[in-house]
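Report on the following structure.
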Amino acid sequence: MLKITLKDNSIIEVEKGTSIIDVAKKISEGLARNATCGEVDGEVKDLRFELNEDCNLVIHTFSQDDLEGKKAYWHTTSHIMAQAVKRLFPNVKFAIGPSIDEGFYYDFDVETPFTDEDKAKIEEEMKKIIKENIQIERFSLPKKEAIELMKDQPYKIELIEELPEGEEISFYKQGDFTDLCAGPHLMSTGKVKAVKILSSSGAYWRGSEKNKMLQRIYAISFPKASQLQEHLDFLEEVKQRDHRKIGKDLEIFMTHKLVGSGLPMYLPNGATIRRILERYIQDKEISLGYDHVYTPSLANVDLYKTSGHWDHYKEDMFPVMKMDTEEMVLRPMNCPHHMLIYKNKMHSYRDLPIRIGELAHDFRYEASGSVCGLERVRQMCQNDAHLFVRPDQIKEEVGRVIKLIKEVYQKDFKFPASAFKYRLSLRDKANKEKYIDNDEMWETAESQLREILKELDIEFYEAEGEAAFYGPKIDIQIKTALNHDITIPTCQLDFALPERFELEYIGEDGKAHRPVVIHRAILGSSDRFISFLLEETKGNLPVWIAPLQVKILPITDNQHEYAYKVKEQLQAKGIRVEVDDRNEKTGYKIREAQLHKIPYMLVVGAKEVEGNTVSVRSREDGDIGVKPIEEFEKEILKKIEDKQ
């Protein structure tokens, strides 16, 4: 008998050779019905896998927080889709069909791209295969026999030929369809319930433009039709929140192929948003004792060799430009420049902490396929700062950074505390070559950040492999409206760059000492933060950030003079306001203002002129009523001041 330790640490005994699905049945029929795969001592296995020694076993199901369980379900559905395509297009050549974090895809070599009509037929055929409830069988073959089995499938043969001699080559068969596959898979096609083909596109074999263009179909499946509908509703919500769509609709930014991919241009509305955000964070930092600087976007390669970025980061930098006797490169980050500013003069222990901040333009060599609107760009404006501190000041300064992050995100931007998680990002000890080589420094820095988080009574989790190459980080993970975890604010501890640049301060003992550097970003890059803000708000930006805060709508030409008088009065108080004096119906003007997400509309007609009032409409609350101009002015200024 074998002892099997389950997820809850309970132990059950089974006979040697018992399969994972039979263990599931032993626990409960419900678990067996919902099981999709198992995990044996950390390795994901097929439900058919037989247990032959004591082990730890996790049985995965299709559930919200079980990605492995969902991936096995989706991988099975990718084979169902491939079988459907084979039935409809007998001459198809198969490439790969993996599960991904949100569904699955399969790449096909077909004579012509799939049409919408083709995809509808494929989806119907998939439903037929599911109804047939075909048993799925696993078998393996030696390499020579595997190649013979796949003789009509060149992409599969290519994959088989790359496998080492003697390695098990596994296949899965469901009725008239067999595919090269490592698994895992469900027991039968009938276990899948609701399916939907989402889209198709071209995709190069193995991602190389040197290879043939294949046709990729993306799809998804669920155990219940209601879950599928929820997902489709979510995808529609994603479309509505896409900052690229919002950016175009609200005339915030544009791109053009003549400028280049990953290089957005801010239109007047976007420039206003960016200016407000950058002034906001800069003023806040100055009030907290930061000194702001400007440094060049270009630097000698030797600067990055000194800092260590050249060895660890050069693949993400733009190519070197040779100028006279120098080799120059566009900078990917600002810390090396700030190290030299610190080093520009001698410092006493009394001078520290020194806080150097900058809104700096940085450049990253992003692949054209990965750039995305404002979210992932090749040139960005970083809200960056470097704090030069004595070792005894580390805890206090990290605490100040965390306090600033909370003030910005929770007080001013009104994000709930529940949306934030603190992650201690550590180096990957199994891949030390990715990091500055100094074990003692790493142990010191990681333990210090860990202790600081504990002393500040902040709940956190640890993540290996997420550190910067020069030191560990406290990353604040934000749960977005689309349920994604993203990192924007960050606080990093660095003992390495001060050593590399030989930074010093004169201590109380009259001797030279090394400062410690805290790297921190609050808004991250202006570009990415704006994309995040647009998607979180669906473009309904808070009044204080909205590029246009008020639009005045005169009912007839007779109110134009009064409308412009109101505009001048509000504008004098710093309110961003325009008059819509077009010869259009008032209802049309209101609808258009609402489409442009303008927080307030002031309708003025003969009665408003006579009473020196305005009829106020709110983006959120609709018709608020008639108010004296001074009263509206006071209310909106209060909202702006309080960042409501």
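Test Arg279 against the stated conditions and say whether it is over 22 Å from Val389 (Cβ atoms) and without any contact (Cβ under 8 Å) to a residue 40 or more places away in the chain.
When the stated conditions are applied, Arg279 passes them.
Which residue out of Ser368, Ser348 is out of contact with any His (no Cβ under 7 Å at 6 or more places or on another chain), farther than 30 Å from Lys639 by Cβ, modelled with pLDDT of 90 or more and small (Gly, Ala, Ser)?
Ser348
Given the conditions (1) crowded, with 18+ Cβ neighbours inside 10 Å; (2) out of contact with any strand residue (DSSP E or B) (no Cβ under 9 Å at 6 or more places or on another chain), which single one is not true for Phe222?
Going through (1) crowded, with 18+ Cβ neighbours inside 10 Å; (2) out of contact with any strand residue (DSSP E or B) (no Cβ under 9 Å at 6 or more places or on another chain) one by one, Phe222 breaks only (2).
Among (1) assigned to a loop (DSSP other than H, G, I, E, B); (2) closer than 29 Å to Gly69 by Cβ; (3) not acidic (Asp, Glu), where does Pro113 come up short?
So Pro113 meets the others, but not (2).
Exactly one of (1) touching a Leu at 6+ places or on another chain (Cβ under 6 Å); (2) crowded, with 22+ Cβ neighbours inside 10 Å; (3) touching a residue at least 40 places away in the same chain (Cβ under 8 Å) is unmet by Ala84. Its number?
(1)
Test of understanding: among Leu288, Leu263, Leu235, which residue is under 30 Å from Ile356 (Cα atoms) and out of contact with any helix residue (DSSP H, G or I) (no Cβ under 8 Å at 6 or more places or on another chain)?
Numbers: Leu288 fails: out of contact with any helix residue (DSSP H, G or I) (no Cβ under 8 Å at 6 or more places or on another chain); Leu235 fails: under 30 Å from Ile356 (Cα atoms).
Only one candidate qualifies: Leu263.
Each row is one residue, and each column tells you yes or no for (1) farther than 24 Å from Gly471 by Cα; (2) touching a His at 6+ places or on another chain (Cβ under 7 Å); (3) among the basic types (Lys, Arg).
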{"position": "Val516", "(1), (2), (3)": "no, no, no"}
{"position": "Ile522", "(1), (2), (3)": "no, no, no"}
{"position": "Ser525", "(1), (2), (3)": "no, no, no"}
{"position": "Pro542", "(1), (2), (3)": "yes, no, no"}
{"position": "Gln559", "(1), (2), (3)": "yes, no, no"}
{"position": "Arg576", "(1), (2), (3)": "yes, no, yes"}
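Of all the residues that make up the range 497-551, how many are free of Cβ contacts under 8 Å to residues at least 12 places away in the same chain and either crowded, with 23+ Cβ neighbours inside 10 Å or among the β-branched types (Val, Ile, Thr) (or both)?
1
Mind listing whichever residues of the range 35-57 are within 19 Å of His75 (Cα to Cα) and either over 32 Å from the mean Cα position of the chain (by Cα) or crowded, with 18+ Cβ neighbours inside 10 Å (or both)?
Within the range 35-57, Ala35, Thr36, Cys37, Gly38, Glu39, Val44, Lys45, Asp46, Leu47, Arg48, Phe49 qualify.
Could you list all residues from the range 243-282 that are surrounded by fewer than 19 Cβ atoms within 10 Å (Cβ to Cβ) and closer than 18 Å to Gly524 by Cβ?
Arg275, Ile276, Glu278, Arg279, Tyr280, Gln282
Could you please give the count of residues in the range 151-169 that are touching a Phe, Trp or Tyr at 6+ places or on another chain (Cβ under 9 Å) and assigned to a loop (DSSP other than H, G, I, E, B)?
1
In the range 280-288, is there at least one residue being under 22 Å from the mean Cα position of the chain (by Cα) and more than 25 Å from Arg331 (Cα to Cα)?
No, that holds for no residue.
When you go through Tyr172, Tyr73, Tyr106 one by one, which is the residue that is in a helix (DSSP H, G or I) and crowded, with 21+ Cβ neighbours inside 10 Å? Before you say what the answer is, go through the steps one by one.
Details: Tyr172 fails: in a helix (DSSP H, G or I); Tyr106 fails: in a helix (DSSP H, G or I).
Going through Tyr172, Tyr73, Tyr106 in turn, the sole match is Tyr73.
Can you report the number of residues in the range 87-127 which are without any contact (Cβ under 8 Å) to a residue 24 or more places away in the chain and either within 25 Å of Cys37 (Cβ to Cβ) or of a type in the set (Lys, Arg) (or both)?
Residues meeting the conditions: 1.
Given Ala445, Ala463, Ala419, which one is in contact with a strand residue (DSSP E or B) (Cβ under 8 Å, 6 or more places away or on another chain) and buried (at least 17 other Cβ atoms within 10 Å of the Cβ)?
After applying the criteria, what remains is Ala445.
Against the definition (in contact (Cβ under 8 Å) with a residue 60 or more places away in the chain and surrounded by fewer than 18 Cβ atoms within 10 Å (Cβ to Cβ)), how does Arg376 come out, yes or no?
Answer is yes for this residue.
Please go through the range 383-411 and give me each residue that is surrounded by fewer than 21 Cβ atoms within 10 Å (Cβ to Cβ) and of a type in the set (S, T, N, Q), ordered by number.
Correct list: Gln393, Gln410.
So, Lys414, is that one surrounded by fewer than 13 Cβ atoms within 10 Å (Cβ to Cβ), within 23 Å of Gly524 (Cα to Cα) and touching a Pro at 6+ places or on another chain (Cβ under 9 Å) or not?
yes
Can you name the residue in the range 422-441 that is out of contact with any His (no Cβ under 9 Å at 6 or more places or on another chain) and buried (at least 18 other Cβ atoms within 10 Å of the Cβ) and is also nearest to Ala496 (Cα to Cα) among such residues?
Here the answer is Met441.
Do we have any residue at all in the range 528-542 that's assigned to a helix (DSSP H, G or I) and more than 42 Å from the chain's Cα centre (by Cα)?
No, that holds for no residue.
Hey, can you tell me all the residues within the range 370-418 that are part of a loop (DSSP other than H, G, I, E, B) and either within 25 Å of the chain's Cα centre (by Cα) or among the aromatic types (Phe, Trp, Tyr) (or both)? Spell out the reasoning first.
Going residue by residue through the range 370-418, those that are part of a loop (DSSP other than H, G, I, E, B) are 370-371, 373-375, 377-378, 390, 413-416.
Result: Ser370, Val371, Gly373, Leu374, Glu375, Val377, Arg378, Phe413, Lys414, Phe415, Pro416.
In this structure, does Gly260 turn out to be over 21 Å from the mean Cα position of the chain (by Cα) and of a type in the set (Gly, Ala, Ser)?
Working: over 21 Å from the mean Cα position of the chain (by Cα): yes; of a type in the set (Gly, Ala, Ser): yes.
Yes; evaluated as a whole, the condition is true for this residue.
Would the range 222-242 turn up any residue that is within 22 Å of Phe89 (Cβ to Cβ), over 25 Å from the mean Cα position of the chain (by Cα) and in the same structural domain as Ile136 (by TED's automatic domain parsing)?
Checking the range 222-242: not a single residue is within 22 Å of Phe89 (Cβ to Cβ), over 25 Å from the mean Cα position of the chain (by Cα) and in the same structural domain as Ile136 (by TED's automatic domain parsing).
State yes or no: is Ile555 in contact with a Ser or Thr (Cβ under 6 Å, 6 or more places away or on another chain), at pLDDT 90 or above and over 30 Å from Ile590 (Cβ atoms)?
no
Yes or no: Arg274 under 21 Å from the mean Cα position of the chain (by Cα) and either in the same structural domain as Ile522 (by TED's automatic domain parsing) or touching a residue at least 60 places away in the same chain (Cβ under 8 Å) (or both)?
Numbers: under 21 Å from the mean Cα position of the chain (by Cα): yes; either in the same structural domain as Ile522 (by TED's automatic domain parsing) or touching a residue at least 60 places away in the same chain (Cβ under 8 Å) (or both): yes.
Yes, satisfied.
Give the number of residues within the range 531-541 that are under 24 Å from Val401 (Cβ atoms) and either at pLDDT 95 or above or of a type in the set (Asp, Glu) (or both).
Total satisfying the criteria: 1.
The values are calculated or read from the model by the stated rules, or taken from the named source; none is laboratory data. On a predicted model such as this, the values are computed, not experimentally measured, just so you know. So basically every Cβ, Gly included, is an ideal-geometry build from the backbone, and we count neighbours across all protein chains shown.
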